[in-house]
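Working notes for the structure below.
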Amino acid sequence: MQHKLMTVEDVADYLSKPRSWVYGNWKAEQIPFRKVGQSLRCRPADLDRWLDARGAE
C-alpha cells in the first residue's frame with residue numbers, strides 16, 4: 001500500500017510552522033523533500049525519521 005506524499009502545506013501543518021518557514025528553510029534544515037515536477041513532496045516516514053534524528057519533542 002502506498003502512502004500519500006505530503007505537500008509543503010501538509011509538512012507545515014505537521015510541524016506547526018508557517019508554509020513560509022518551510023519554504024525558506026527546507027534546504028538549510030535538510031527537510032527530506034523530493035522534487036516532483038515543480039513541486040516539493042515528502043514521505044511521512046522520512047519526515048518522522050528526520051524529526052527523530054533532530055531530537056524533536
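The values are calculated or read from the model by the stated rules, or taken from the named source; none is laboratory data. The structure presented is a predicted model; accordingly, all values stated were derived computationally and were not measured. Glycine gets a Cβ as well: all are built from the backbone with ideal geometry, and neighbour counts include every protein chain shown. For accessibility, only protein heavy atoms count, side chains too; no ligands or nucleic acids. Shrake-Rupley method; radii C 1.70, N 1.55, O 1.52, S 1.80 Å.
Take E9 and decide whether it is open to solvent by 90 Å² or more (accessible area, probe 1.4 Å), without any contact (Cβ under 8 Å) to a residue 12 or more places away in the chain, at negative phi and not basic (K, R).
Yes; evaluated as a whole, the condition is true for this residue.
Looking at segment 14-46, which of its residues are open to solvent by 80 Å² or more (accessible area, probe 1.4 Å), under 19 Å from K4 (Cβ atoms) and in a loop (DSSP other than H, G, I, E, B)?
Across segment 14-46, the qualifying residues are Q38, R43.
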